[in-house]
Amino acid sequence: MAYTTVLTETRGRVGIVQLNRPQAMNAFNIAMLGEVFDAMEAFDRDDNIGVIMVTGNEKAFAAGADIKEMVDATAFQMIIENRVDTWDRIRGIKKPVIAAVSGWALGGGCEFVLSCDMVIASESAKFGQPEITLGVIPGAGGTQRLARLLGKNLTMEMVINNRTLTAAEAQQFGLVNRIVPIEGYLDAAVAFAEEIASRAPLAVRMAKDAVNAAFETTLTEGLKAEKRNFYLLFSTEDQTEGMQAFIEKRKPNWKGK
């Protein structure tokens, strides 16, 4: 499929979606928002892809939303156009989603990162929610996901007082998995993704589902989800192969079945 605002490529079992509006610091406009989710969903349907990665460029992952598209909008227009609801499409992605971040991840860019499953950041990465400087607040999950990740006080400072987090701070507070040099940051992120993509595909999907349940349900319901997914994996060929390979001291040959 031909895209105008994103680039796609595959590296082994990793499907890469690159935000491609460098003239606007990769700010999300309506077109790019639709295309990034279209590309992600296409990779999600592809059995040859095990992990989906979203990235920008060295200077910016995404510097927020395209303000020019919203400056004259009314509340009614925003509701009718359902702009924020589009972001919910990322929650439907079954495979792990990794954000490879270098430079600025602000506003909607930071919210997109927060919606991903794991984050690899270059040393230059910076995260923030500067909507307050525009007279609005985050609308695509920033207040909720940051609060669950960072706690109330730091989230308040970021949302109300425009504090940004460096890559090191973001890792300290659990927003980032690993920090890598700017040079070759994407290659390092792909290597990380390839390691995950080498795991049993169905087990990876079930694991993602179970971990997410911890943030969306009670402990009792989360434990039920974990137990259900654990039992269901015993109906797969990969479970038999994985355990047999362990007994035979060899590398498993996953089939995703």
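The values are calculated or read from the model by the stated rules, or taken from the named source; none is laboratory data. Keep in mind that what you see is a predicted model, and the values were worked out from it rather than measured. Neighbour counts run over all protein chains shown; Cβ positions are idealised from the backbone, glycine included. Accessible surface areas use protein heavy atoms only, side chains included; no ligands, DNA or RNA. Shrake-Rupley method; radii C 1.70, N 1.55, O 1.52, S 1.80 Å.
The share of alpha-carbon pairs in the chain lying farther apart than 35 Å comes to 17%.
With a Förster radius of 41 Å applied to the beta-carbon distance between Asn57 and Phe230, the computed FRET efficiency rounds to 0.50. Going toward the positive end of the dipole of region 1-123, with +1 on Lys and Arg Cβ and -1 on Asp and Glu Cβ, which of Ala121, Ala31, Thr8 do you reach last? Of the options given, the answer is Ala121.
Neighbours of Arg21, meaning other residues whose beta-carbon lies under 13 angstrom from its beta-carbon, give a summed charge of -1 when Lys and Arg score +1 and Asp and Glu score -1. Compared with the dominant Cα axis of the chain, that is its longest principal axis, helix 201-216 is turned about 50°.
Between Lys257 and Glu241, residue separation times 0.36 nm minus the direct Cα-Cα distance comes to 4.7 nm.
For the listed residue pairs Lys95/Lys257; Lys94/Lys255; Lys68/Lys95, the alpha carbons are over 22 angstrom apart in Lys68/Lys95. Under a model in which nothing but the beta-carbon of Lys, Arg (+1) and Asp, Glu (-1) is charged, the chain shows a dipole of about 680 debye around its Cα centre. Relative to the first principal axis of the alpha-carbon coordinates of the chain, what is the inclination of helix 185-197, with its axis defined by its Cα atoms, in degrees from 0 to 90 and to the nearest 10? The helix 185-197 is inclined about 40 degrees to the chain. Taking amide hydrogens as placed 1.01 Å from N in the peptide plane, the amide H of Val54 sits under 5 Å from those of Val17, Ile98, Ala99, Ala100, each at least 5 positions away in sequence or on another chain. A straight chain from Phe215 to Thr4 at 0.36 nm per residue would run longer than the Cα-Cα distance by 72.5 nm. Taken over region 126-233, lysine pairs spaced eight or more positions apart, or on distinct chains, with alpha carbons under 27 Å apart number 5.
Sorted largest first, the principal axis extents computed over the alpha-carbon atoms of region 135-257 equal 59, 43, 21 Å.
Solvent exposure of the chain amounts to 54 Å² per residue of accessible area, where only protein heavy atoms count and the probe is 1.4 Å.
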